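Only one structure is covered here, and it is reproduced in the block below.
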Amino acid sequence: MGIKQLFSIIKDEAPDSIKEGEIKNQFGRKVAIDASMSIYSFLIAVRSDGQQLMNDTGETTSHLMGMFYRTLRMVDNGIKPLYVFDGAPPKLKSGELAKRFQRKQEATEGLEEAKETGTAEDVEKFSRRTVRVTREHNAECQRLLKLMGIPYIIAPTEAEAQCAVLARAGKVYAAASEDMDTLCFDTPILLRHLTFSEQRKEPIQEIHLDKVLDGLNMERKQFIDLCILLGCDYLDPIPKVGPSTALKLIREHGSLEKVVEAMENDPKKKYTIPDDWPFRDARDLFLEPDVRKADHADCDFKWEKPDMEGLVQFLVTEKGFSEDRVRGAGARLEKNMKSSQQARLEGFFKPLPKTDAEKAAHKRKLEAQQEEKKKKQKQDKKDKAAAKSKPRAAV
DNA sequence: CTCAGCCA
DNA sequence: TGGCTGAGG
């Protein structure tokens, strides 16, 4: 899902916008996470012999397993996660949802057939395709987070849009998502691979939107138009338009209105725009999504001590988890809670200069950093100009 | 997906 | 230590 090929475009056109690092660099930071998307991936990935994990009454526990341990691991690394749940889908998305629904039905039929005739792998493949996040999955994860002392919010519509608003307002450092769509919602920073970096040997990517726009030489609106042209969740893609064509078209014409006009007036009819292609609506969803404002009372987030007995009751008594593991995890959670509070009290994150001499030294350091930055920018510009003179996006 | 335990 | 494998529910 998400916007195909956007990452490779950004990598080519705005390499400075991507910083790679380890999870340690994120210590002390708050990050917003799309909860429903996480739950979906847990339901798919947390399995044993191709089946979701279940307690002895047959209730699925994959989502709780995934969320419990992943959250714990982030907290272990000094990260303060904030989960954002999807609300109602926006209207326009209903088309996309209907299509998914249809695929799901087809997959269900395929599953029945596979059970009759196919191999075990076929059955497994089909059962993964039918995965859906239910109201119950969401409710159970919310209950879990409450017991863990981790804050969450239910977005009016799309979680990604809400994550972006919170990041933009400084309530969190960044939105953490694998989905590049989040940039369209105006998050200043997007963190990718936040969790699977430690286990696999992949770095965390920090993508800075301002530098993305600089590198592409585009306004935010043009960037959104580019993303829509690349194929977002809301609209069908235009056949034969891939990343390089999309980029070329937006640079040449400057807006989707002009791109569409040019396509329609093209005597050779090289591109066929789908019949129902409300790109203005899609753009509006990115520009003005239905979100809770960051100064709303719902956005007053607190990271609190876990409720150990509550966790044992829920995960052990009701869901059949191992008591040793749950208590061990709960203890880690509690310990990290304390140490991060301690670090805050000691000014660990923001050591402010106190004496005049320190202030002066601090100022010099900042100036030196600025100077360094300017130099680097100059050099980068030179490099780019030398590499190729790119056509500028029309305004 | 993440953990725990094992082994080089 | 760190990479690998099986279990977790």
Relative contact order of segment A:202-286, defined on C-alpha pairs under 8 angstrom at six or more residues apart (%): 30 percent
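Tally up the carbon and sulfur contribution to the accessible surface of segment A:231-278 as a whole percent, 1.4 Å probe, everything protein left in place.
That share works out to 51 percent.
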Point-to-point label distance, A:D122-A:K201, nm (Cα→Cβ direction, 7 Å offset): 4.0 nm
Loop-resident sites, segment A:170-239, for trypsin sites (Lys or Arg not before Pro), counting at most 13 other Cβ within 10 Å (DSSP): A:R200, A:K201
Accessible area per residue, Å², segment A:214-279 with all protein chains present, probe 1.4 Å: 48 Å²
Solvent exposure of segment A:55-189 as accessible area per residue, Å², 1.4 Å probe: 45 Å²
Global size of segment A:50-168 as Cα Rg and Dmax, reported in angstrom: 17.4, 53
Set A:K4/A:K221; A:K4/A:K240; A:K91/A:K125 screened for pairs whose C-alpha atoms are more than 22 Å apart: A:K91/A:K125
Among A:V31, A:S8, A:I18 the positive-end extreme of the charge dipole of segment A:1-48 (Cβ point charges): A:V31
Cleavage-rule hits, GluC sites (Glu not before Pro), segment A:254-346, DSSP coil, Cβ neighbours within 10 Å at most 12: A:E304, A:E346
Rough spin-label spacing in nm, given labels placed 7 Å along Cα→Cβ, for A:K11 and A:E261: 3.6 nm
Loop sites in segment A:1-42: chymotrypsin sites (Phe, Trp or Tyr not before Pro), DSSP, at most 11 other Cβ within 10 Å: none
Chain lengthening between A:K104 and A:E309 when straightened (0.36 nm per residue, less Cα-Cα): 69.9 nm
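The values are calculated or read from the model by the stated rules, or taken from the named source; none is laboratory data. Predicted, not measured: the structure shown is a model, and the values here were computed from it. Neighbour counts are summed over all protein chains in view; Cβ atoms, including those assigned to glycine, are modelled from backbone coordinates with ideal geometry. These accessible areas exclude ligands, DNA and RNA; they are computed on the full protein's heavy atoms, side chains included. Shrake-Rupley method; radii C 1.70, N 1.55, O 1.52, S 1.80 Å.
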